[in-house]
């Protein structure tokens with residue numbers, strides 16, 4: 001994940017949390033076992049929540065937050081018992097006797113992880129070695145992405161023995177080509193002799 005994607009996902013999570021708070025703050029609970037009445041503000045928030053739900057679920061999963069809690073009904077009531085996904089059941093939490101604060105706590109934890117990740121990724125922007133490695137990996141994965149666009153299972157092909165072999169050979173070729181291109185650039189700039197002296201002096205010092 002790059003810094004800009006992390007920043008976008010963090011912004012989406014914060015806005016989603018606000019929508020969740022707006023929704024649950026604009027409900028009227030009339031009868032114990034009946035769905036709550038949604039005021040107009042809650043109805044608008046519900047539409048926006050549904051529109052963002054898939055992306056928010058994916059963003060939470062990227063940080064390792066499954067957003068699930070264990071649910072066990074009262075023995076007198078019986079019924080479903082197991083893990084409940086708070087996002088998938090956001091509008092049915094009441095029937096599981098799960099307070100909205102559980103969902104908000106989970107979102108806050110994901111937001112905190114994204115805030116820390118954003119700081120780390122921002123520092124990485126200024127590391128030239130990261131960008132060299134990132135470009136290198138992009139070039140290696142390009143053939144598999146093309147095959148994926150053509151309808152093949154690119155993930156399976158990339159992780160196969162043949163795929164890893166192709167990536168290793170391609171990586172070696174790109175590495176050698178980069179070195180040769182660098183030597184050619186030093187020659188064209190007239191810096192090659194100075195570079196050789198610098199390398200030799202370094203070896204002698206070692």
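The values are calculated or read from the model by the stated rules, or taken from the named source; none is laboratory data. Being a predicted model, the structure only gives us computed values, none of them experimental. A quick note on method: Cβ atoms are made from the backbone with ideal geometry, for glycine too, and the neighbour counts reach across all protein chains shown.
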Can you tell me which residue in the range 69-92 is modelled with the lowest pLDDT, limited to those that are farther than 22 Å from residue 12 by Cα and surrounded by 13 or more Cβ atoms within 10 Å (Cβ to Cβ)?
-> 73
Within the range 20-68, which residues are closer than 18 Å to residue 94 by Cα and crowded, with 16+ Cβ neighbours inside 10 Å?
-> 20, 22, 23, 24, 26, 27, 38, 42, 45, 46, 49, 67
Do we find that residue 119 is at pLDDT 90 or above, out of contact with any helix residue (DSSP H, G or I) (no Cβ under 6 Å at 6 or more places or on another chain) and either in a helix (DSSP H, G or I) or under 25 Å from residue 60 (Cβ atoms) (or both) in this structure?
-> yes
